[in-house]
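Since the structure comes first, as structure tokens, the remarks are kept for the end.
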Amino acid sequence: MTVSASENHMRHAGIERALGLAGLTVLVGVVVALALPSVSASSPTAETASVAQVKIFMAQGNMSNRCDRVVAVKRSVRKPWLLAGAMRALLAGPTAAEKTAGYRSWFSAKTKGMLRSVRIAGGIAYIDFQDFSRVIPNASTSCGSGLLLAQLNRTARQFPTVKQAIFSFSGSRDAFYNWLQMDAP
């Protein structure tokens, strides 16, 4: 079988392209490897270095007679989004072990993932949720709203940059605070 000069040229050009791409891939790999910090057995990995401990606040014991008394429970969240991570952890509710230990919250697997956004400006945290009022309707009682706000406010105000927290449902403060039978700030 004879190969024409044209076919031979195309074959060589394909091999050169393949070798060129392989060389480029190796070169990029070397550059990336040189740019990455080395990690020894005693130093934290990038994954653990980007995690911080925060507190979320829940009731302990019977919620009906403890309107605004909450206690701290620790959670690990990813840096630098500490407030958003703390709110997500709060919305997920207590773990099975915490429930066994008597911790209670309005938040549960039903409210997990309902955080829409978090923004801090001038010492005020603006925290927006999907409307969870139908998921936890009893939180709108006077004692219930006290406990719900205690959990939310204490979780938000643990951070030195947050002096006040304002909550909303889908961007509406009125929707959130009217549900709790309160005036929106």
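Quick note: the coordinates plus some simple rules give every number you see, no bench work behind them. Not measured: the values here are computed from a predicted model. Glycine gets a Cβ as well: all are built from the backbone with ideal geometry, and neighbour counts include every protein chain shown.
So for the range 80-159, averaging the separation of alpha carbon pairs under 8 Å that are six or more residues apart and normalising by length, what relative contact order in percent results?
Taking the mean separation of contacting Cα pairs over the length of the range 80-159, I get 30 percent.
Can you give the Rg and Dmax of the range 46-179 based on its C-alpha atoms, in angstrom?
Here Rg and the maximum Cα pair distance are 14.2, 45 Å.
Could you pull out every residue, at least 5 positions away or on a different chain, whose amide H is within less than 5 Å of the one on ARG116? Hs are placed 1.01 Å off N in the peptide plane, and Pro or chain starts have none.
Residues meeting the criterion, in which the H sits 1.01 Å from N, are ASP128, PHE129, GLN130.
Estimate the FRET efficiency between ASP68 and ILE166 by the formula 1/(1 + (r/R0)^6), using the beta-carbon distance for r and 22 Å for R0, to the nearest 0.05.
0.75
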